[in-house]
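Below is one structure, written out as structure tokens, with a few remarks after it.
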Amino acid sequence: MWNNEQGEFVRYKSGFRDWVKADGSTQFVPEANRYHLYISLACPWAHRTLLTLQLRKLDRVIGVSAVEPVWNANGWYFSDALPDHENGQPDLVSVYRLADPKFNGEESTPVLWDSKHKTIVNNESREIMRMMNTEFGEFVTGPELAPKNLQPEIDRVIDLLYQPINNGVYRAGFATQQAAYERAVREVFSALDEWEQVLSKQIYLCGDQFTEADISFFTTLIRFDPVYYGHFKCNWRRIVDYPALWRYIRRIYHIPGVAETCNFEHIKKHYYGSHSEINPTGIVPTGPVMDYSL
């Protein structure tokens with residue numbers, strides 16, 4: 001990531017964009033125990049893919065390795081407690097360099113790894129989610145999260161969420177000039193206000209069915225009050241101040257398989273402990289106390 005001359009946060013684009021295809025049109029075909037998912041439990045983008053993996057019950061055929069929560073001088077790293085189960089590497093950048101020895105960018109999570117070709121298939125969360133929902137059908141026993149008839153609407157909603165909300169909290173938090181921060185935070189809350197109205201009339205973003213769009217919204221919302229409100233200065237309102245959004249987040253949290261993917265210790269340690277330019281002391285706040293009961 002970097003900031004432009006206006007102090008606006010600019011996100012790097014994902015560099016690995018191959019696809020697993022069930023029709024054999026790529027070298028990556030769905031097979032049991034061939035693919036491995038690298039994640040950070042703190043990262044909302046990685047959380048999307050972990051949720052999809054869990055809900056689709058693909059954890060039986062796709063392995064997972066999680067990095068330590070705090071980004072240090074070597075970036076995302078593994079430890080004895082959280083090892084790289086697939087390649088035995090000390091940090092995630094080493095995994096990237098197994099795929100591309102010349103890699104010198106910023107390693108990110110999630111990463112979908114192919115153990116057959118010893119390379120990264122993809123490191124774009126949205127595409128990894130869609131692969132898990134459309135290309136691993138023979139292994140899936142969980143619910144459909146991207147039915148073909150809803151995919152255009154799912155994609156439209158995810159597009160609408162991305163810039164003002166999913167990326168908007170980062171644009172506010174990492175802004176280095178006042179005007180850039182204020183533009184971003186206005187967009188965050190203007191969009192939240194709009195989705196509050198939508199979700200006051202329907203259960204999920206695309207109607208009555210829980211989909212990829214809801215996963216994409218949930219992983220930002222679940223982090224909002226614990227970290228984005230304070231750490232990223234998105235403090236006009238909390239999610240608990242939005243009746244429909246608060247009801248929505250709690251409903252999703254209670255879907256079987258969701259709560260166990262929400263690691264608030266990792267989330268708070270990462271944001272408050274990794275961004276020294278925002279929180280130079282590295283102190284992790286003890287609150288807020290969150291109650292997700294229905």
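The values are calculated or read from the model by the stated rules, or taken from the named source; none is laboratory data. Bear in mind the structure is a predicted one, so any value in this text is a computation, not a measurement. Here Cβ is always computed from backbone atoms with ideal geometry, including for glycine, and neighbour counts include all displayed protein chains.
In the condition set (1) of a type in the set (A, V, I, L, M); (2) under 21 Å from the mean Cα position of the chain (by Cα); (3) closer than 30 Å to Leu192 by Cα, Ala179 is compliant with all but (2). Of all residues in the stretch 236-294, those satisfying the criterion of being over 28 Å from Tyr77 (Cα atoms) and in contact with a strand residue (DSSP E or B) (Cβ under 9 Å, 6 or more places away or on another chain) are Tyr248, Arg251, Ile252.
When each of Asp59, Asp23 is tested for being within 14 Å of Met132 (Cβ to Cβ) and without any contact (Cβ under 8 Å) to a residue 24 or more places away in the chain, the lone residue that passes is Asp59. When the stretch 249-280 is filtered for residues that are assigned to a loop (DSSP other than H, G, I, E, B), aliphatic (A, V, I, L, M) and surrounded by fewer than 14 Cβ atoms within 10 Å (Cβ to Cβ), only Ile278 remains.
Looking across the stretch 94-113, the residues that are surrounded by 18 or more Cβ atoms within 10 Å (Cβ to Cβ) and of a type in the set (A, V, I, L, M, F, W, C) come down to Val95, Ala99, Val111, Leu112, Trp113. For Gln151, are the conditions met, namely being touching an Asp or Glu at 6+ places or on another chain (Cβ under 8 Å), surrounded by fewer than 19 Cβ atoms within 10 Å (Cβ to Cβ) and modelled with pLDDT of 95 or more? No, not satisfied. Of the residues making up the stretch 211-259, those that are over 14 Å from the mean Cα position of the chain (by Cα) and touching a residue at least 60 places away in the same chain (Cβ under 8 Å) are Thr211, Asp225, Pro226, Phe232, Lys233, Cys234, Ile255, Gly257.
Among the strands (runs of 3 or more DSSP E) confined to the stretch 59-172, there are none with at least 2 residues that are in contact with a Gly (Cβ under 8 Å, 6 or more places away or on another chain) and β-branched (Val, Ile, Thr). Selection of the stretch 161-172 for residues being surrounded by fewer than 22 Cβ atoms within 10 Å (Cβ to Cβ) and either acidic (Asp, Glu) or farther than 18 Å from Tyr248 by Cα (or both) yields Tyr162, Gln163, Pro164, Asn167, Tyr170.
For the condition surrounded by 19 or more Cβ atoms within 10 Å (Cβ to Cβ), among the charged types (D, E, K, R) and at pLDDT 95 or above, what is the one hit in Arg130, Arg183? Among Arg130, Arg183, only Arg130 is surrounded by 19 or more Cβ atoms within 10 Å (Cβ to Cβ), among the charged types (D, E, K, R) and at pLDDT 95 or above.
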